[in-house]
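One structure is given below, encoded as structure tokens.
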Amino acid sequence: MLHPLLLTTLLLTASNVFMTFAWYGHLKNFTHSPWYVAALVSWGIALFEYLLQVPANRIGYTELSLGQLKILQEVITLSVFVPFAVLYMGQPLKLDYLYAALCLMGAVFFIFRA
């Protein structure tokens, strides 16, 4: 059996892949469709996000505080979003992503310190 922190991280990462596609994938794939079509497709994708995210948070909460769980989620979100934005959406890689990551590293330090 995987350690709860590792399992939480893996589940949250997979959840974030679905979340990112649900939230932003329609901007590339459904630009000529009515908004409600994009919303319905996004909700369908988001179902899989929640099927992973809810157990991830329940497992993670056995080892982490609520604040630690949230900051872990934010770090994973940025780690998934940047490759998605650059590779899938064709956005330029900016130093702003590095600055955001540095800010998150500060958040990780403060929320996980003893």
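If I stretch the segment between Leu10 and Leu27 completely, what's the gain in nm (0.36 nm per residue apart, minus their alpha carbon distance), one decimal? Present the calculation step by step, with values, prior to reporting the outcome.
Details: separation 17, 0.36 × 17 = 6.12 nm, distance 2.62 nm.
So the chain would gain 3.5 nm between Leu10 and Leu27.
Pick from Val54, Val75, Val17: which is most flexible by mean-square fluctuation in a GNM of the chain where alpha carbon atoms under 10 Å apart are linked?
With Cα springs under 10 Å in the chain, the top fluctuation among Val54, Val75, Val17 is at Val54.
Using Cβ contacts closer than 10 Å as the measure, can you line up Ser15, Ser79, Ser42 from fewest to most?
Details: Ser15 25, Ser79 14, Ser42 20.
Fewest to most other Cβ atoms nearby, the residues stand as Ser79, Ser42, Ser15.
Each residue of the stretch 27-32 in order: what ³J(HN,Hα) in whole Hz does its phi give by Karplus 6.51 cos²θ - 1.76 cosθ + 1.60, θ = phi - 60°, with x for Gly and Pro?
5, 9, 8, 10, 5, 9
Please give the peptides 46-52, 7-13 ranked by average Cβ packing (other Cβ atoms within 10 Å per residue), highest first, as a rough proxy for protection. Walk me through the intermediate numbers first.
Values: 46-52: 15.9, 7-13: 19.1.
With the highest mean Cβ count within 10 Å placed first, the list reads 7-13, 46-52.
Normalise the Cα radius of gyration of the stretch 1-60 by 2.2 N^0.38 Å (N = residues in it) and let me know the number. Write down the numbers at each step before the final one.
Details: Rg = 13.7 Å, N = 60, 2.2 N^0.38 = 10.4 Å.
Here the Cα radius of gyration is 1.32 times the empirical estimate.
Using θ = phi - 60° and the Karplus curve 6.51 cos²θ - 1.76 cosθ + 1.60, what whole-Hz ³J(HN,Hα) does each residue of the stretch 78-83 get, with Gly and Pro shown as x?
5, 5, 8, 5, 4, x
In whole Hz, what ³J(HN,Hα) sequence does the stretch 13-26 give by Karplus (6.51, -1.76, 1.60; θ = phi - 60°), x for Gly and Pro?
5, 4, 4, 5, 4, 4, 4, 5, 5, 5, 7, 10, x, 5
Each label point is 7 Å from the Cα along the Cα-to-Cβ direction; what then is the distance between the points at Gln68 and Leu95, in nm?
3.5
If the convex hull of the alpha-carbon atoms of the chain is projected onto planes in all directions, what is the mean projected area in square nanometres? Kindly include the intermediate steps, with their values, before the conclusion.
Details: hull surface 32.4 nm².
Convex hull of Cα atoms, orientation-averaged projection: 8.1 nm².
Read the figures in this text as sums done on the coordinates, not as results from a lab. These figures come from a predicted structure and were not determined experimentally. Glycine also receives a Cβ, built like all others from the backbone with ideal geometry; neighbour counts cover every protein chain displayed.
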